[in-house]
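Notes follow the structure.
The values are calculated or read from the model by the stated rules, or taken from the named source; none is laboratory data. These numbers were taken from a predicted model, which means no experiment stands behind them. In this analysis, Cβ positions are derived from the backbone assuming ideal geometry, glycine residues included, and neighbour counts consider all displayed protein chains.
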Amino acid sequence: MSTTDEDRQAAELTFNVLAKRCSSRPVLEHMTGKWGTLVIIGLREGPARFNELRRRVDGVSEKMLSQTLHSLERDGLVERIVHSAIPPRVEYRMTPLGVRVTDKLAALAEELEASMPEIIEAQSRYDAEQRA
């Protein structure tokens, strides 16, 4: 199959995250995994250098932050900016695509935070039923 045929087939694809082989599935995993969500929301506050972002996302290890940033950068949600200085300074920020996606993800996180009393009550009720 020629590259042109492959390009044409890719353009005709319908993406369905529920389909096992859909290429949107790994991107969804990068964004909604524990660290992906937290890093995206952390960058929503504005551009940040690596260690500043690590402080924003309490509990993330250096290794996990690095891996998460690489995945999100590859997916086009985050960009890595290298400023020429001595020593070189690197910061991360959301791309326009990342901002669009993050707004929706942040709304979900805000709804979750606002609903925590109700969630805690449901968990207590469930746990009590399981003990009975």
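I need the helices (runs of 4 or more DSSP H) fully contained in region 51-132, keeping only those with at least 3 residues that are under 12 Å from the mean Cα position of the chain (by Cα).
Working: elements: 62-74, 96-114, 116-131.
In region 51-132, the matching helices (runs of 4 or more DSSP H) lie at 62-74, 96-114.
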Q. Residues of region 39-76 being within 16 Å of VAL27 (Cα to Cα) and hydroxyl-bearing (Ser, Thr, Tyr), which ones?
A. THR68, SER71
Q. List the pairs whose first member sits in region 75-92 and is of a type in the set (A, V, I, L, M), whose second member is surrounded by 10 or more Cβ atoms within 10 Å (Cβ to Cβ) and in a loop (DSSP other than H, G, I, E, B), and whose Cβ atoms are under 7 Å apart, counting only residues at least 6 apart or on separate chains?
A. LEU77/THR95; VAL78/THR95
Q. Given the conditions (1) β-branched (Val, Ile, Thr); (2) loosely packed, with under 10 Cβ neighbours inside 10 Å; (3) under 21 Å from THR32 (Cβ atoms), and given that VAL60 satisfies all but one, which numbered condition is not satisfied?
A. (2)
**Q.** Test set (1) more than 30 Å from SER23 (Cβ to Cβ); (2) of a type in the set (Gly, Ala, Ser); (3) touching a residue at least 24 places away in the same chain (Cβ under 8 Å) - ALA106 fails condition number
**A.** (1)
Q) What is the number of the single condition among (1) at pLDDT below 95; (2) surrounded by 13 or more Cβ atoms within 10 Å (Cβ to Cβ) that LEU18 does not meet? A) (2)
